[in-house]
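Notes follow the structure.
Values in this text are rule-based calculations from the coordinates and carry no lab data. Computed from a predicted structure; not experimentally measured. Counting neighbours? That spans all protein chains shown, and the Cβs are built from the backbone with ideal geometry, glycine included.
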Amino acid sequence: MGAIAASLYGAGVGRQEVINWGGLPLIATFFRASLTPDLGRDFLQIILRATGVTFAYGVCGTVLSLLLGFIGGIAASEMWWRTLWPRRPWLGRPLWVMVRGLLAVPRAIHELIWGLIFVNLIGLDPLVAVIAIAVPFGAIVAKVFSEILDETPSEPLQALVGAGVPPLMAFLYGLLPQALPNLISYSFYRFECALRSAAVLGIIGAGGLGYEIFLSLQSLRYEQLWTAFYALILLNGAVDAWSGWVRRQMGFTSRLDINAGGAPSQGSRSPTAMARYLMPLSLVAGAIAIPLCFASLDLGWQSLWAAPTWARLGELVQSSRPKPLTGEQIGTLASLAGQTVAMAILAITLAGIGGIIAAFPAAQNIWMPGGLLRPIGQRLEANDRTGNRGWGAGLALVLSRLLLLVSRAVPAPIWALVCLYGLFPGLLPGAIALALHNFGILGRLMAEVNENLDDRPVRALRALGSPSSLVLLYGLLPQTLGRFLAYILYRWEVCMRETVIVGLVGAGGLGRLMTEQISSFDYQGLTVTLGVFVVLTFGVDLISTRLRSVLH
């Protein structure tokens with residue numbers, strides 16, 4: 001609570017004017033344009049092509065990040081080093097710590113910054129967007145994969161090692177099969193994240209929907225902007241629905257299993273006849289889509305090892321060597337670092353509260369007829385006889401899911417620009433923008449927690465005649481609150497990274513300083529700022545991991 005209060009104070013709440021009343025009509029104009037999107041044939045063709053490019057970026061970036069993350073995840077797993085040298089833990093632990101430390105650097109730097117770096121090296125090539133997604137996402141996947149492997153029950157692994165099976169074979173056959181459901185589920189989640197990142201990378205000219213959004217916003221053509229938004233929302237919604245359906249048919253019920261004890265998130269529902277037909281078709285379509293996406297982008301892999309690229313890399317490294325800092329520069333960095341942390345704290349607090357509230361109407365098994373708070377046997381209550389409550393629950397489900405989808409589909413920099421219409425520049429508009437974006441992600445993850453919880457305590461309370469309010473407080477929240485907090489802490493790490501992109505559009509913090517340094521080609525200063533950012537992210541990572549281990 002103290003950190004939240006300090007963050008509010010740092011944002012100027014209660015001590016200075018934060019609302020720009022003169023900009024509120026612009027916000028009204030922005031949202032009014034959502035009712036009249038540009039549906040012209042020529043522009044729709046442009047948006048259709050841009051949607052295909054964004055989808056291809058997401059697919060290619062995800063595939064590469066999963067390959068990198070799988071290898072890095074094994075190397076970053078403490079269980080791997082224990083298996084490799086079971087009698088010499090003093091040798092494996094330093095290597096484990098070193099790998100985890102090395103992975104912290106690429107994941108701390110946002111994909112937009114990676115994109116700017118690779119643009120300077122190889123120019124405006126589709127390969128820039130793919131690598132900009134693959135590098136940080138690969139490090140993030142490696143971290144999560146390693147945590148999943150470490151939390152997976154190791155008894156079969158230890159039995160194989162004790163029987164004399166080589167460590168690698170024991171690891172592959174004793175641990176990976178148990179962890180595989182969670183690894184696959186997280187891969188689907190990472191694909192959804194890659195689509196959102198592909199849209200953000202349009203800001204640097206990588207093409208796709210993000211680029212069309214940026215052009216429309218620059219020219220204040222809000223009708224065209226909303227057309228691109230709707231395309232992005234439909235793309236995210238379609239991928240969300242498809243990945244959810246595939247996971248359910250495979251028996252994997254959760255996108256992201258945090259603090260679940262490493263147990264595979266599997267369900268017991270048998271697939272229908274149609275599902276048995278569509279599931280192989282869906283997997284075949286996915287297998288075909290991957291090479292098609294790589295082929296359609298025509299990635300210039302040869303530019304990675306071309307002599308000019310390495311020459312520019314040498315020049316970039318040479319010009320990025322930091323100089324000793326003055327006292328004034330240290331003070332500025334410390335102040336901006338404090339703003340960045342405050343922005344992330346405010347953002348995740350608002351997003352977490354909103355996500356918890358939205359997670360209940362957005363879950364199918366809570367208020368819908370036959371749900372946990374409205375069992376079949378209680379349909380004849382007075383306010384149920386007209387069916388209004390059933391219609392109300394269905395409408396709340398649709399509206400809450402739509403709200404969460406729109407919230408997470410619109411990139412955080414766009415939310416930041418909208419917030420800057422009605423708020424004065426500073427960390428508050430950045431915090432609200434990040435909160436809006438992460439609210440959609442957290443709400444969806446938390447709704448899945450509600451849908452997958454053990455309903456026996458709730459049914460028992462219902463059988464004893466407990467009202468819905470007490471069932472919610474004593475039957476639902478005790479089971480879900482720990483997972484909710486774990487997700488909030490996990491997204492707090494992500495919020496720290498995303499403060500960069502809202503800062504790049506003028507929302508404050510270290511990101512705003514990076515914008516000035518990039519514009520003035522001050523690579524020496526940029527190196528120092530990135531170093532501070534890596535330290536901050538690493539610190540938040542350690543705090544978050546420690547707190548999540550307490551919640552476990």
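Roughly speaking, what is the stretch gain from LEU176 to LEU91, that is 0.36 nm per residue apart minus the C-alpha to C-alpha distance, in nm to one decimal?
28.3 nm
Using a 10 Å cut-off around each Cβ, can you sort GLU493, GLU111, GLU17 from fewest to most neighbouring Cβ atoms?
Sorted ascending by nearby Cβ count, the order is GLU17, GLU493, GLU111.
Sequence gap at least 6, Cα distance under 8 Å: using those rules, report the relative contact order of the chain to the nearest whole percent. It would help to have the intermediate numbers written out before the result.
Working: 786 pairs, mean separation 105.5, N = 552.
With pairs under 8 Å counted, the relative contact order is 19 percent.
For the range 37-315, rounded, prolate or oblate, judged on the Cα gyration tensor with a ≥ b ≥ c (square roots of eigenvalues), a/c < 1.5 rounded, else prolate if a/b > b/c?
Judged from the Cα gyration tensor, the range 37-315 comes out oblate (a/c at least 1.5, b/c at or above a/b).
List residues of the range 397-437, by number, whose backbone nitrogen lies under 16 Å from a label position 7 Å along Cα→C-beta of ALA28.
421-423
How long is the chain along each principal axis, judged by its Cα atoms, biggest number first, in Å?
72, 71, 52
At a Förster distance of 45 Å, what's the computed FRET efficiency of ILE288 paired with GLU17, Cβ-Cβ distance as r, to 0.05?
0.20
For LEU297, what charge total do you get from the other residues with a beta carbon under 14 Å from its beta carbon, if Lys and Arg give +1 and Asp and Glu give -1?
Values: positive: ARG49; negative: ASP125, ASP298.
Here the charged neighbours net out to -1.
If you count, for each residue, the other Cβ atoms within 10 Å and average over each peptide, how do 473-484, 188-199 line up from highest to lowest? It would help to have the intermediate numbers written out before the result.
On the way: 473-484: 17.2, 188-199: 24.1.
In descending order of packing, they fall as 188-199, 473-484.
Please order MET368, MET343, MET496, MET169 by the number of other Cβ within 10 Å, starting at the fewest.
MET169, MET368, MET496, MET343
Any idea what the dipole of the chain comes to, in debye rounded to 20, about its Cα centre with Lys/Arg Cβ at +1 and Asp/Glu Cβ at -1?
1000 debye
Ranking request for peptides 301-309, 524-532, 32-40, 142-150: highest mean number of other beta-carbon atoms within 10 Å first, then the rest in descending order.
142-150, 524-532, 32-40, 301-309
Given the DSSP H assignment, sum -39500 (n - 2.57) over each helix run of at least 4 residues in the chain and divide by its residue total; what's the result at 222 nm in deg cm²/dmol, nearest 500?
About -25000 deg cm²/dmol.
Net charge near ASP42, counting Lys/Arg +1 and Asp/Glu -1 over other residues with Cβ under 15 Å of its Cβ?
On the way: positive: ARG41, ARG49, ARG221; negative: ASP38, GLU212, GLU223.
Taking every Cβ under 15 Å from that of ASP42, the sum is 0.
Sort the following peptides by mean Cβ neighbour count (other Cβ atoms within 10 Å, averaged over residues), highest first: 66-74, 18-26, 319-327.
The peptides rank, most packed first, as 66-74, 18-26, 319-327.
Measure off 7 Å from each Cα along the Cα-to-Cβ vector at VAL535 and VAL165, then give the distance between these two points in nanometres to one decimal.
4.6 nm
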